[in-house]
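The values are calculated or read from the model by the stated rules, or taken from the named source; none is laboratory data. Since the structure is predicted, the reported quantities are computational estimates derived from the model, not experimental observations. Using ideal geometry, Cβ is built from the backbone for each residue, glycine included, and neighbour counts are taken over all protein chains shown. The area values use the complete protein model at the heavy-atom level, side chains included, leaving out ligands, DNA and RNA. Shrake-Rupley method; radii C 1.70, N 1.55, O 1.52, S 1.80 Å.
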Amino acid sequence: MCNSCLPRIPSDVDKMEAFAGQMISMLNQSALGNMVSIGHRTSLFDVLDTLEAATSTQIAKSAGLNERYVREWLGAMVSGKIVDYDPENNTYMLPAENALFLTRKSNEKNMAAIASILPIWSSVEDKIVGCFEKGGGVPYSEYGRFYEVMGEISNANVGVNLIDNILTKKPELMYQLKNGISVLDIGCGDGKILMELAKAFPNSQFTGIDLCKAPVESAKSHSAALKLNNIEFLEGDVLQHDFKSKFDFITTFDVIHDLAFPAKVLTKIFQLLKGDGQYLMMDIKASSQLENNKEHPFAPFLYTASTLHCMSVSLAQGGMGLGTVWGVEKANEMLTEAGFSKVEMESYEHDMLNSYYFCSK
Ligand SMILES: C[S@@+](CC[C@H](N)C(=O)[O-])C[C@H]1O[C@@H](n2cnc3c(N)ncnc32)[C@H](O)[C@@H]1O
């Protein structure tokens, strides 16, 4: 009898029971992820953060929401150990320790905002399953609210911290930005990060380019509402666009691993930079080797992001499908291949997910 015909009997009962527990926890935590997303979108966490112990009726009234839905959601929050419950008084309370990771005012610590990307990934599951069978990918246009959610997450992380916690550590660059330089952000999405820079450095000129129409339209109307006259947004593929001049400072935030042709874009960035210009690439902090990522606190999340979005949008364009977890080793290799002779990789305490590469010619 061949080995594959033999029934596979688990020999380690402790291991088997531990794994069963892990699977139950997985089901509960993934279900909870969807409820945390709803808590963010409905602002229920922000509302709970303003209340003392309150009944579901009081919470629903404060949030302007339907009580029956709020009460059921609270059931998931209490059993998921996110919200405390007092059965004697029928009241609920969000502990301050938990609120820190669930409310808008927490900016980059707000994991509820990050959770709101989970239903967007799930919404393309049928198409991704089709790709498992036939190859190819799912185009950006299928991802519904992706830009809105991505813009909110990256603004809460990068937009809020870029100047005060990152650029201030680069006095020469700060000096140039204050005096007036040209800046290009590639894959700018809905442009929130670039608008923060344009507001802070009125003497500099900012250009954002993105492949997709929806985020560029949003960026244009938002910057017009802010009356920013030192910023422009272009819709198009950075590889096809004919830029009329070179730039002093080029940025990409969470973009290179998404691209169809990342090596070509890095080479174009090198060509578009002035001789003494700088390129800042923010991208996922992980290793290129799977075995080094086993203890990475976000590894399953990142490989999932890749399968359900980043790798797939690249493959949908006939691209290489680099993947979210391309890793720092591969990133350094590709930056060197693009021509950069100096690459300084930095990490910041406020950002567990990303590495920041300051590159020059
Ligand atoms: C993960 S999103 C990041 C968006 C933005 N930088 C942020 O942090 O919110 C990647 C962006 O790259 C854009 N993109 C992908 N390929 C591109 C290309 N060839 N040229 C310009 N933009 C591109 C996508 O449309 C998408 O908005």
- Pairs only if they're at least six apart or on different chains, beta carbon under 7 angstrom, first in the stretch 149-162 and farther than 14 Å from residue 352 by Cβ and more than 7 Å from the ligand (Cβ to nearest atom), second hydroxyl-bearing (Ser, Thr, Tyr) and modelled with pLDDT of 90 or more; list them, first residue then second. 149/116
- Message: Of the residues 219, 214, only one is over 16 Å from the mean Cα position of the chain (by Cα) and touching a residue at least 60 places away in the same chain (Cβ under 8 Å); which?
- Response: 214
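Condition check ((1) in a helix (DSSP H, G or I); (2) more than 30 Å from residue 172 (Cα to Cα)) across all residues:
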{"site": "303", "(1), (2)": "yes, yes"}
{"site": "323", "(1), (2)": "no, yes"}
{"site": "334", "(1), (2)": "yes, no"}
{"site": "358", "(1), (2)": "no, no"}
- Some residue of the stretch 265-278 being in the same structural domain as residue 191 (by TED's automatic domain parsing), within 12 Å of the ligand (Cβ to nearest atom) and open to solvent by 10 Å² or more (accessible area, probe 1.4 Å): yes
- Residue pairs meeting the criteria (Cβ under 6 Å; at least 6 apart or on separate chains; first in a loop (DSSP other than H, G, I, E, B), in the stretch 238-251; second open to solvent by 60 Å² or more (accessible area, probe 1.4 Å)): 239/264; 246/274
- Item | Residues located in the stretch 318-339, provided they are within 21 Å of the chain's Cα centre (by Cα), more than 19 Å from residue 351 (Cβ to Cβ) and open to solvent by 10 Å² or more (accessible area, probe 1.4 Å) | 319, 320, 321, 322, 329, 330
- Query: Would you say residue 283 is open to solvent by 10 Å² or more (accessible area, probe 1.4 Å), on the phi < 0 side of the Ramachandran plot, part of a strand (DSSP E or B) and among the acidic types (Asp, Glu)?
  - Reply: no
- Residues of the stretch 183-206 satisfying the condition of being surrounded by 20 or more Cβ atoms within 10 Å (Cβ to Cβ) and not in a loop (DSSP other than H, G, I, E, B): 183, 184, 185, 186, 192, 193, 194, 195, 197, 198, 206
- Could you give every pair whose Cβ atoms fall below 7 Å, whose first residue belongs to the stretch 114-132 and is farther than 22 Å from residue 156 by Cβ, and whose second residue is of a type outside the set (Phe, Trp, Tyr) and not in a loop (DSSP other than H, G, I, E, B), counting only separations of at least 6 or pairs across chains? 124/142; 124/308; 127/142; 128/307; 128/308; 128/312; 131/312
- Note on the structure: Picking from 213, 227, 246, the residue that is of a type in the set (Lys, Arg), in contact with a helix residue (DSSP H, G or I) (Cβ under 8 Å, 6 or more places away or on another chain) and open to solvent by 20 Å² or more (accessible area, probe 1.4 Å) would be 246
- Within the stretch 236-264, considering residues that are among the charged types (D, E, K, R) and near the ligand (Cβ under 6 Å from one of its atoms), the one farthest from residue 158 (Cα to Cα): 237
- Yes or no: residue 85 away from the ligand (no atom under 16 Å from the Cβ), of a type outside the set (Lys, Arg), surrounded by fewer than 18 Cβ atoms within 10 Å (Cβ to Cβ) and more than 15 Å from the chain's Cα centre (by Cα)? yes
- Task: State all residues of the stretch 122-141 that are buried (at least 17 other Cβ atoms within 10 Å of the Cβ) and out of contact with any Asp or Glu (no Cβ under 8 Å at 6 or more places or on another chain); if no residue qualifies, say none.
- Result: 128, 131, 137, 138, 140
